[in-house]
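Have a look at the structure below before the remarks.
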Amino acid sequence: MQFIFGFLGNKLFTPLLVLLLATSANASSIVTGEDGYRLWLKYDLINDHNKRQGYQNQLANWQVLGQSSTAQVIRDELEYAFTGLFGKTSKSMSIRTTNLLVGTFAELQKQLPKIKLAGEQVNAEGYLIKQVSYQGKKLLLVAADTDVGALYGTFHLIRLVQTGEKLADINLVSNPKTKLRVLNHWDNPDRHVERGFAGQSIWDWHKLPDYHYQKYTDYARANASIGINGTVLNNVNANPIMLTPAYLQKVKALADIFRPYGIKVYLSVKFSSPQSLGGLATSDPLNADVKHWWHNKVDEIYQLIPDFGGFLVKANSEGQPGPGDYGRTHAQGANMLADALAKYNGAVMWRAFVYANEKNEERSKQAYSEFKPLDGKFRDNVLVQVKNGPIDFQPREPVSPLFGATPKTPMMMEFQITMEYLGFSTHFVYLGPMYQEVLDTDTYAKGQGSTVGKVVAGEVHPYKLTGMAGVANIGSDRNWTGHIILQSNWYVFGRMAWDYSLSAETIAQEWVKMTLTQEQAVAKQITELMMLSHEATVNYMTPLGLHHIMGTGHHYGPAPWVDNLGRADWTPVYYHNASKQGLGFNRSPTGVNAVEQYFSPIKQQLANPATTPEKYLLWFHHLPWDHTIASSGRSLWDELVHRYYLGVEQVKHIQQEWNSLQAKLDPLQFKQVQMANNIHVKEAIWWRNACVLYFQQFSNKPIPHGLEQPQGNLTEYKQMQFPYAPGQGH
Ligand code: GCW
C-alpha cells in the first residue's frame, strides 16, 4: 500500500504547469510555472553545477535499512528528492558503495558494529545526522531510535541540501522540545472550514473511506517534513456525526494513510454526544451511563485505530455544551474522557478558550479565573490548550497569564495559523515573528527566564505531556493556503513546535530557499519583507495594543464603530473605549485589574503606562489623547495616526520590492503574490482611513503635519457589508 502511495507521489507531485490568466491585453494569456502545490518540498534541480556535484558525491548512493512502512516512505522520499535535486540518484545495494545510510540505531549497529553512535542523546522522535569514516571512506548516517525519527532526520538532511548547507563533518542531534505537535482543522463534515480562507476542507468526507486523494499523502509528507505528529481532523465546534460508525471508518482511512509518516489522528468531540448519539438522558460526566458510553465509544475507536491520538474539546464556550451544564468543573469533564482514553495512552486536549456571557468578569480574565484553581485536578493524560493571548487571536496580544501559572497542569499552546483576524488570505503576513514574540515572552513564573516557550515545553514546570497546536490554514486550493507566502505560516508553526527556540528569521530563510528561490540575495530580500510583514499589519490594523475592532462575525475589515451587539463586551467600542478624553482599555489596578493575573515583576510593569511596552499600551491603559509616547515624543493621537500610516507604507514597500523581483521568480508564484499584494495595499489603506477617521471624531485633532488626508468617508465605510465573506461559523 505504502509503496503505491509513494510511487504515486513521485508521479503526481509535479507542478500543475498551466494556468490561464486573462490579465492584460498585451501579455500572454498563458502563464506557466509553479502553482504552489509542491509547497517547500519542490526538489528542483540544483542550478549550481559544482554544488550539485558535491552533494551527489556525498549522498547519491544511499541505503535505507528496515522493512517498515515508514522505512519505505523514507526510500520514496529520498528517491523523489534526489532525482529532482541531482537529476539522478541510485539506491545502493551494498555497504561498500553506500555513502548515505539511514536507519534506526539497532539496524545501523548491526551493519556497522564498530562505529559508536551517541544514541543516548536522542529521544523517541529525535535523530542524529553524522558523518563517520568507514572502511576508508566517508559515510553519512541518519540514525534514530524509531523509524519515524529516521524519517524526520531524512527530511532534515534533504532540507540542508535544499538550502545549500554544508554537510562535511556534520554531527548534529535534534530532539523535539514538545511532545504533541498538532494541527487543528476547524473543518466541518460539509467541507466548510470555519475561519478557512483557502477553499473547502481537504477532507472529502463523502468519498471517504474508499477514495484516497494524493493530497492526503502529500499533506502527511509536508507535515512530517516539519515534525508535526498529530492532526485534529474536525472543528472544535464539533459535529457529533464524527463519532458514528460510518464516520469512524472514514477517520480510520485517513489514519492509515498518515501512520507511516508518524502522524496520529485526533477528533474534536461534542460533550453532549452521549445524548445526541447514544440516546441517553444526560451527558453529566459523573453519571455512570455517560461514563460507560464514552468508554465503549473509545474502545470502538481503538479497535479501528490502535494509535488514535485522543480528543480535543471545546466545552462551555460560545454555546458549546460542557460539564458546566451539570454543575461540574472542567476538570471533572476532562477527567471523565481521560479515564476512557488512559488505557490506550490517548490524550485529552481541553480548551481554555472559555468566556461565559453570564459571568460578571472582564473577558480577558476569565480563562485564568476558571482554570488556575483547577491546577492539580486533571488526570495525567490531560493538557489544557490555551490560545496565545487572553482574548482571541488578535493581530497582537500580550500572552495569556495562564502560561506558567499551573505547575501541575500542562498548558498547551494554541496558535492560529489561519488568518481570521489578519486579513484572511490576501494579506502578506508571515507569523513567525509573532510566534517568536509569544514564545520568548518571560512569564517570570519561576524567576527570570521562565519564557512561554519553556513553560510549554515543560522546562519550567516538569510536565509529563507537552504540546503545541496550530489552527490550520489549509484548504482545497491548489496552493493549499490560498496565498503562497502563507504556506510559510504552516511551515514556521511546525518548526517552532519542534523547537521553540528557533528564530523566525532563520525559519523564513529556510522556507524561502526551499519554496521561492535558490539565489541567496533574492532569498535575503524576501526574508526581510516577511520579517517586516507582521508588524506592518499590526500598524495598519491595531497599533499600540488596540484589539477587537474588526467587522462583526466574519472579522473582515475595520469596524471600530460597532456598538450594538446585544452585550457591550462583544463590541469594538467596548474594547477601544474611545472618548473625548482618550483611548484604550483600562486593565490596570484602577480598571478591571487584569494585570494582577501576571507574575511579578510583570504585573507591576503592566500596571503603569510608563513601564508598559508601547505595543501593549492601549491593551492595558486608557490614556488621554495628549499622553506623550516615550519612544517618539509624539502625543498619543499623533503616534496612533503615524502608525496607521506607517503600516500602509510598509505594505507598499512589500508590494514594490516584490514587483522588483519579477525577473528572479517563478512567473506563476510571482503573479499570484503580486495580485494578492495589490489587494493587500488597498485593504491596508481602507483600514487606515476608516480607523483614523473614526478615532478623529473623538480626539478632535488634525492629521499630523506631513501626512496626507485620509481619503474616503466614514459613512461609506460604515455601510460596507460582506454577507458572504468566507470562513464564517455556522
Ligand atoms: O475566535 C473565535 C472564532 C470562532 C472559533 C472560536 C474558538 C471555532 O471566531 O470561529 O470557533 O474562536 O476558538 O473556539
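Confirm whether PRO209 is within 16 Å of the ligand (Cβ to nearest atom), in contact with a helix residue (DSSP H, G or I) (Cβ under 6 Å, 6 or more places away or on another chain) and not assigned by TED's automatic domain parsing to the domain that holds GLY87.
On the way: within 16 Å of the ligand (Cβ to nearest atom): no; in contact with a helix residue (DSSP H, G or I) (Cβ under 6 Å, 6 or more places away or on another chain): yes; not assigned by TED's automatic domain parsing to the domain that holds GLY87: yes.
The answer is no for PRO209.
Starting from the stretch 487-514, take each residue that is acidic (Asp, Glu) and list its partners that are assigned to a helix (DSSP H, G or I), counting only C-beta distances under 6 angstrom and pairs at least six apart or across chains.
GLU505/MET531
Regarding ASP218, is this residue surrounded by fewer than 24 Cβ atoms within 10 Å (Cβ to Cβ), under 23 Å from the mean Cα position of the chain (by Cα) and free of Cβ contacts under 8 Å to residues at least 40 places away in the same chain?
Spelling it out, it is not the case that ASP218 is surrounded by fewer than 24 Cβ atoms within 10 Å (Cβ to Cβ), under 23 Å from the mean Cα position of the chain (by Cα) and free of Cβ contacts under 8 Å to residues at least 40 places away in the same chain.
Evaluate the stretch 389-400: report whether one residue or more is out of contact with any Cys (no Cβ under 6 Å at 6 or more places or on another chain), modelled with pLDDT of 95 or more, part of a helix (DSSP H, G or I) and of a type in the set (Ser, Thr, Tyr).
No - not one qualifying residue is present in the stretch 389-400.
Taking interchain pairs and intrachain pairs at least six residues apart, which have beta carbon atoms under 7 angstrom, with the first residue in the stretch 76-91 and farther than 20 Å from ALA224 by Cα and the second of a type in the set (Gly, Ala, Ser)?
Once the first residue is farther than 20 Å from ALA224 by Cα and sits in the stretch 76-91, its partners that are of a type in the set (Gly, Ala, Ser) give PHE86/ALA60; THR89/ALA60; SER90/ALA60.
If you take the residues of the stretch 311-332 that are closer than 24 Å to GLY729 by Cβ and away from the ligand (no atom under 16 Å from the Cβ), which of them is least open to solvent (accessible area, probe 1.4 Å)? Step through it out loud before you land on a result.
Within the stretch 311-332, the first condition is being closer than 24 Å to GLY729 by Cβ, and the residues that meet it are 311-325, 330.
Filter once more, so that each one left must be away from the ligand (no atom under 16 Å from the Cβ): 323, 325.
Working: PRO323: 0, ASP325: 86 Å².
Step by step, filter the stretch 311-332, then rank; the result is PRO323.
Restricting the stretch 685-715 to residues that are open to solvent by less than 50 Å² (accessible area, probe 1.4 Å) and among the hydroxyl-bearing types (Ser, Thr, Tyr), which is farthest from the ligand (Cβ to nearest atom)?
Only one residue fits best here, namely SER699.
Let me confirm something: among LYS718, LYS682, which residue is closer than 29 Å to MET530 by Cα, open to solvent by 40 Å² or more (accessible area, probe 1.4 Å) and either within 16 Å of the ligand (Cβ to nearest atom) or not in a loop (DSSP other than H, G, I, E, B) (or both)?
Going through LYS718, LYS682 in turn, the sole match is LYS682.
Checking LEU140 against (1) modelled with pLDDT of 95 or more; (2) within 31 Å of the chain's Cα centre (by Cα), only one condition comes out false. Which one?
(2)
Matching residues to (1) surrounded by fewer than 24 Cβ atoms within 10 Å (Cβ to Cβ); (2) over 17 Å from the mean Cα position of the chain (by Cα):
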residue	(1), (2)
GLN366	yes, yes
LEU374	yes, yes
MET412	no, no
MET419	no, no
GLY423	no, no
TYR430	no, no
GLN436	yes, no
LEU439	no, no
VAL455	no, yes
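For ASP190, are the conditions met, namely being open to solvent by 30 Å² or more (accessible area, probe 1.4 Å), within 16 Å of the ligand (Cβ to nearest atom), in the same structural domain as LYS454 (by TED's automatic domain parsing) and of a type in the set (D, E, K, R)?
yes
The values are calculated or read from the model by the stated rules, or taken from the named source; none is laboratory data. Because the structure is a prediction, the values reported are computed rather than measured. Glycine gets a Cβ as well: all are built from the backbone with ideal geometry, and neighbour counts include every protein chain shown. The area values use the complete protein model at the heavy-atom level, side chains included, leaving out ligands, DNA and RNA. Shrake-Rupley method; radii C 1.70, N 1.55, O 1.52, S 1.80 Å.
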